[in-house]
Amino acid sequence: MIGAIRSVLRRGFGLIERPFDRLFPPTLNPLAQLGALGFFFFWIVAVSGIYLFIFFDTGIERAYGSVEHLTRDYWFHAGVMRSFHRYASDLMVVMVVVHLLREFAYDHYRGVRWFSWLTGLPVIWLLYASGITGYWLVWDKLAHYVALTTSELLDWLPIFGEPIARNFISTGTLTSRFFTLMVFMHVAVPLFLLFIMWVHILRISRPKVNPPRMLAALSLVALVGVSLWKPALSQGHVDLAKAPVEVGLDWFYLPLYPLTDIWGKGAIWAFLGAFSLMIALMPWLPPLRRAKPAEVDLAHCNGCARCAEDCPYEAIRMVPRTDGMPFPTQAEVKSSLCVSCGICVGACPSSTPFRRSAELRTGIDLPDRSLRELRERVIATAATLQGAPRLLVLACERGAGAGRVDGTVALPCVANAPPSLVDFILSRNLADGVVIAGCAESACYHRLGVAWTEQRFAGMRDPHLRTRVPRERIATIWASALETNRLEQELAAFGRAVAALPPRPPAPAPASGAVAPAPRTPASEEVCT
Ligand code: HEM
Ligand code: SF4
Ligand code: SF4
């Protein structure tokens, strides 16, 4: 059932995102930058909030007047800031909802990712608490409605000795101290929210917390436009003697408020409790089956730290050397954080299929899917290639190449293949062309696999693809599991391009990758051809 909902959602996101990716660079795809946009809107809310505080009078008598004053008399700066504050807060809600759905749709919430998912839950609560206390401060009719309904809801819980709702039903009962407490809450809760947002991304390496400049600029322009077109306004001074009957609601923050009267307070709390419980349990419904984590082989590790640099999950740290080898550090895998994506294997300098050891040991490897086994699969698949040109596909098992059989070697992530594997395939004449088929650029399942592959091939990241490797015989195709047709079309086009190339000189060595055993040496001294 959950799997079916997930695939429908994934299809929906794919239908929106893929055409977008074809028209614009992935950096402009807002759906691929939701977390970063969340942080961006938070900073806009924070800066505009500080600006508003300069004009805001925190006393209950003058709060409404001060907000009116800044909105009407200084509309061109403080008024715009007020609108910024409100609309950027609304956009945070939009971002949270879509971000939650997208992480769910792409199955980014189970396994070791439970941590980011679970810490998202207090983020939702704190975001709502920040927004609701904000509406309180304007002290207009909407504030009255919010104050009354919130306190009625809180009174339903056995927390307060005396009902707090009565503070808002008659004049003279509301103390200035209570209002000051709300002002304090509206500052303290967002600060705590920021702290939890930081915790939320603790277990992600290189989290995107700043949107690309163009996207940030476009968001700002849109905010200015909306702020001038529909400025945020108050709804008339509060009158505690009268019940607030007709108020305009902010549907981003207050959608449940009108339901309080219809469902009753108990039902609202039951709904919120059930929603929170469901979110909290989801990473284990059902739990993700885990492959064995990566293992370090110290005899082949020179402590270069490339694996730690490339791991998307902060699962590797460099620790002092323990085996007396003349290197200061060695890699250590924290197995509880490892998702067995194999990206570290592709990063290790000793991961080369050219190595002269029959066993093909590497500094870091996946016990269930070793580099040696990958080399054997590549050689075996290459032997089945027929016709001309012979194309070998190295496919991520989450992308469009996942279901392919002919001439295809499946990988947990395309960055699991070290660039030297492509060199090996072409220089040993195992194929006429190599295709790297990964997830869609803006939706890499392991977050950084596509980026690292592109950078390694472009010589911008170690390990580089050697310059001797003929680039015209390599293609990278980034396509989601929904885009199998596009993958086949691009494969056919690449096949035609390779067929038109001049014939290659004969291969320098036999097609068998494993050759005579070599004495065991540290990775840095290993001989590669
Ligand atoms: C203000 C609200 C939030 C902000 C600013 C935020 C921000 C972020 C950022 C920056 C990332 C890293 C993205 C990347 O670089 O790939 C991230 C990841 C993630 N977020 Fe959020 N988030 C928020 C709310 C939530 C909520 C409510 C949930 C779900 C309950 C959630 C679930 C996740 C998950 C599961 C990941 C991990 C994705 C992965 O491992 O690939 N987030 N978030
Ligand atoms: S397999 Fe993936 S998650 Fe595990 S240590 Fe290597 S790069 Fe990190
Ligand atoms: S040699 Fe390999 S295992 Fe050792 S630190 Fe470098 S990349 Fe990691």
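The values are calculated or read from the model by the stated rules, or taken from the named source; none is laboratory data. Predicted model, so just to flag it, every value in this text is computed and none were measured. A quick note on method: Cβ atoms are made from the backbone with ideal geometry, for glycine too, and the neighbour counts reach across all protein chains shown. Just the protein is used for accessible areas: all its heavy atoms, side chains included, with ligands, DNA and RNA removed. Shrake-Rupley method; radii C 1.70, N 1.55, O 1.52, S 1.80 Å.
Between the Cα long axis of helix 484-499 and the first principal axis of the chain there is an angle of about 40°, rounded to the nearest 10.
Taking square-rooted eigenvalues a ≥ b ≥ c of the alpha carbon gyration tensor, is segment 373-499 rounded, prolate or oblate, where a/c under 1.5 means rounded and, failing that, a/b exceeding b/c means prolate? Cα axes put segment 373-499 in the rounded bin. The mean sequence distance of close C-alpha pairs (under 8 Å, at least 6 residues apart), as a share of the length of the chain, puts its relative contact order at 14 percent.
Taking only the alpha carbons of segment 113-165, we obtain Rg and Dmax values of 14.2, 43 Å in that order. Hydrodynamic radius of segment 173-289 by the Kirkwood approach over all distinct alpha-carbon pairs: 19.6 Å. Remark: segment 193-234 is approximated by an ellipsoid whose semi-axes, taken from the C-alpha gyration tensor as √(5λ), come to 30, 16, 4 Å, largest first.
How tilted is helix 80-105 with respect to the longest principal axis of the chain? Cα atoms for both, answer in degrees (0 to 90, nearest 10). Tilt relative to the chain: about 40 degrees.
Contact order for segment 359-512, expressed relative to its length and based on alpha carbon pairs under 8 Å spaced 6+ residues apart, stands at 24 percent. In segment 383-441, one over the average inverse separation of all distinct C-alpha pairs is 11.6 Å, which is the Kirkwood hydrodynamic radius. Only DSSP H runs of four or more residues enter the estimate; each adds -39500 (n - 2.57), and after division by the residues of the chain the mean residue ellipticity at 222 nm equals -15000 deg cm²/dmol.
The protection proxy used here, the mean number of other Cβ atoms lying within 10 Å of each residue, ranks peptides 84-94, 204-214, 274-284 as follows, highest first: 84-94, 204-214, 274-284.
Which of the three applies to the chain, rounded, prolate or oblate, going by the alpha-carbon gyration tensor with a ≥ b ≥ c and a/c under 1.5 meaning rounded? Prolate is the answer for the chain, as a/c is 1.5 or above and a/b outweighs b/c.
Given Cα positions, please report Rg to Rh for segment 216-362, the hydrodynamic radius being the Kirkwood one. Display every interim value, and only then the final one.
Numbers: Rg = 28.5 Å, Rh = 22.0 Å.
With Rg and the Kirkwood Rh in hand, the quotient comes to 1.30.
Normalised by 2.2 N^0.38 Å, with N the number of residues, the alpha-carbon radius of gyration of segment 436-504 equals 1.23. Using C-alpha pairs under 8 Å with a sequence gap of at least 6, the mean separation divided by the residue count of segment 441-504 gives a relative contact order of 22 percent. The base-10 log of I(q)/I(0) for segment 269-337, evaluated at q = 0.14 Å⁻¹, reads -0.58 [Debye formula, identical scatterers on Cα atoms, solvent excluded].
Rolling a 1.4 Å probe across the protein heavy atoms gives the chain an accessible surface of 48 Å² per residue. Each principal axis of segment 234-314 carries a Cα extent, and these read 80, 32, 16 Å when sorted largest first. If you take the alpha carbon atoms of segment 35-112 and fit the smallest convex hull around them, that volume is 109 Å³ per residue.
When all alpha carbon pairs of segment 340-416 are counted in 5 Å bins from zero, the resulting P(r) reads 3, 16, 24, 24, 19, 10, 4, 0 %.
Out of the total accessible area of the chain (probe 1.4 Å, heavy atoms of protein only), what percent is carbon and sulfur? Answer for the chain: carbon and sulfur cover 65 percent of the accessible area. Multiplying each eigenvalue of the alpha-carbon gyration tensor of segment 1-135 by 5 and taking the square root yields semi-axes of 37, 18, 11 Å, largest first, rounded to whole angstroms. Size of segment 298-402 from its Cα atoms: along the principal axes, largest to smallest, the extents are 52, 31, 20 Å. Calculated translational diffusion coefficient of segment 98-194 (10 °C, 1.306 mPa s; Stokes-Einstein with Kirkwood radius over alpha-carbon pairs) equals 102 µm²/s. Rounded to the nearest whole Hz, the Karplus-based 3J(HN,Hα) values (6.51 cos²θ - 1.76 cosθ + 1.60, θ = phi - 60°) of segment 467-472 follow the sequence 5, 5, 6, x, 5, 5, with x at glycine and proline.
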